[in-house]
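Visitor: Following this message is one structure expressed as structure tokens.
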Amino acid sequence: MPYQESSYFETPSREKSLWRYMHIDKFMSMINTQSLYLPKITTFQDIFEGELTELSREEVYKTNLLDEYNTPIKQDDAFVKEKDVMDSPLMRFDRTLVLERQHSFETLINDFSNHFMFCSCWFQNDYESHSMWAEYGDKSPTSVAIQTTVGDLIDSLESTQYTVHIGEVKYKDYENEHTEGYENFASINLKDQNNVLKLFYAPITQKRKLFADEHEVRVVISFESICESHADRIFTTDIPFYSDNLFEKDLFFIDHDKTNLMQNIPDRGINIDVDLMKLINSVVMSPYRNVYFDEPLVKLMFDNGLNGELVRYSQINEVVERVTRNE
């Protein structure tokens, strides 16, 4: 189940250049396993990963509860009173009220992000980036960068066991802009599977504007594929998806007491098959490298059936050397 084009993601054109910066241990793991590692987004350092912007959160709060048909319950005095009761410590562990709390769309979207979203981050640029070396190579002399194109990345995933999507990250002002698709949340038909998935995917394809210089592109395993492979079910909205046997039991306490179906979903990440011969256009050595790193890296490539001649020096090497001499 290879790459699949999706209306929920904006995939760059095939010729666009992509980079992935990493420590040598991650590169060695990729080569040894012939796989691409997609971590769960909850392991990312940015605490805003998978979160709605403030404006969109406020929009969701206006219709915070959903009834048994996935239809928003309008916010009124009765709604507020019921929600206050549900939020009280004394009622928190009441089984019926816990299930009602789970109908909160924000709760649903948080659980979606926390347990079903796995992605690999790449950076779109025609040239390597000094700031990316510093941030993701950690200025290590043994870090490397894989350079590829969108087309080669897609082709390298032809034999993977999951359906994957590829999309550009959008950069948002989290205080003054909406998460895409949430501008008129109350009017959205949540019985429509396409609408639900669009709303679910939107927060994982956005980041705060302070990261805009990364020009990030993400490889994401589809929600449907995770459900089918690890939860033994097929995603559907014929009935409320939070009401079936995957979601109906102990979802509120899922981090502490997973259901049997949830037990099969990996906690930290998933390795997917990748054809490294198709993926790798070049392997660039860190601009901070030492001379002892060159030959072992080339040998590592050849020993694993890859072309060691794809290894090359960083083009910003001379700049770093000049800066170092002047310090």
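The values are calculated or read from the model by the stated rules, or taken from the named source; none is laboratory data. Only a predicted model underlies this, so the values are computations on that prediction, with no experimental measurement involved. Here the Cβ is made from the backbone with ideal geometry for all residues, glycine too, and neighbour counts use every protein chain on show.
Visitor: Could you check how many residues of the stretch 105-136 are within 20 Å of the chain's Cα centre (by Cα) and not in a helix (DSSP H, G or I)?
Guide: So the count comes out to 9.
Visitor: Related question: Just the residues that are modelled with pLDDT of 95 or more, closer than 25 Å to ARG208 by Cβ and small (Gly, Ala, Ser), please, taken from the stretch 147-189.
Guide: GLY167, the sole residue that qualifies.
Visitor: Within the stretch 263-284, which residues are within 24 Å of ASP155 (Cα to Cα) and not in a helix (DSSP H, G or I)?
Guide: Residues satisfying the conditions are GLY269, ILE270, ASN271, ILE272, ASP273, VAL274, ASP275, ILE280, ASN281, SER282, VAL283, VAL284.
Visitor: If ASN114 meets every condition in (1) at pLDDT below 90; (2) closer than 28 Å to CYS227 by Cβ; (3) buried (at least 16 other Cβ atoms within 10 Å of the Cβ); (4) of a type outside the set (Phe, Trp, Tyr) apart from one, which number is that one?
Guide: (3)
Visitor: Is it true that some residue in the stretch 188-205 is out of contact with any helix residue (DSSP H, G or I) (no Cβ under 7 Å at 6 or more places or on another chain), surrounded by fewer than 17 Cβ atoms within 10 Å (Cβ to Cβ) and hydroxyl-bearing (Ser, Thr, Tyr)?
Guide: No; the residues of the stretch 188-205 include none that is out of contact with any helix residue (DSSP H, G or I) (no Cβ under 7 Å at 6 or more places or on another chain), surrounded by fewer than 17 Cβ atoms within 10 Å (Cβ to Cβ) and hydroxyl-bearing (Ser, Thr, Tyr).
Visitor: Another question about this same structure. In the stretch 174-201, which residues are closer than 30 Å to GLU128 by Cβ and under 17 Å from the mean Cα position of the chain (by Cα)?
Guide: If the condition is that a residue be closer than 30 Å to GLU128 by Cβ and under 17 Å from the mean Cα position of the chain (by Cα), then GLU180, TYR201 are the ones that fit.
Visitor: Counting only residues that are part of a helix (DSSP H, G or I) and free of Cβ contacts under 8 Å to residues at least 24 places away in the same chain, which one in the stretch 11-49 is nearest to the chain's Cα centre (by Cα)?
Guide: The extreme case among them is LYS26.
Visitor: Still on this model: I'd like to check something: does the stretch 211-230 contain any residue that is in contact with a Cys (Cβ under 6 Å, 6 or more places away or on another chain), of a type in the set (D, E, K, R) and under 26 Å from MET285 (Cα atoms)?
Guide: Scanning the stretch 211-230, I find at least one residue that is in contact with a Cys (Cβ under 6 Å, 6 or more places away or on another chain), of a type in the set (D, E, K, R) and under 26 Å from MET285 (Cα atoms), so the answer is yes.
Visitor: Please go through (1) of a type in the set (Lys, Arg); (2) at pLDDT below 85; (3) touching a Phe, Trp or Tyr at 6+ places or on another chain (Cβ under 7 Å) for ARG233 and return the number of the only condition it doesn't satisfy.
Guide: (3)
Visitor: Let me ask another. All but one of (1) in contact with a strand residue (DSSP E or B) (Cβ under 6 Å, 6 or more places away or on another chain); (2) under 28 Å from ARG57 (Cα atoms); (3) polar (S, T, N, Q) hold for ASN176; state the number of the condition that does not hold.
Guide: ASN176 satisfies all of (1) in contact with a strand residue (DSSP E or B) (Cβ under 6 Å, 6 or more places away or on another chain); (2) under 28 Å from ARG57 (Cα atoms); (3) polar (S, T, N, Q) except (1).
Visitor: Which residues, taken from the stretch 128-181, are crowded, with 17+ Cβ neighbours inside 10 Å and aliphatic (A, V, I, L, M)?
Guide: Within the stretch 128-181, MET132, VAL144, ALA145, ILE146, VAL150, LEU153, ILE154, LEU157, VAL164, ILE166, VAL169 meet the criteria.
Visitor: If you don't mind, another one. Applying the selection to the stretch 1-27, what residues are aliphatic (A, V, I, L, M) and surrounded by fewer than 16 Cβ atoms within 10 Å (Cβ to Cβ)?
Guide: The answer is none; no residue qualifies.
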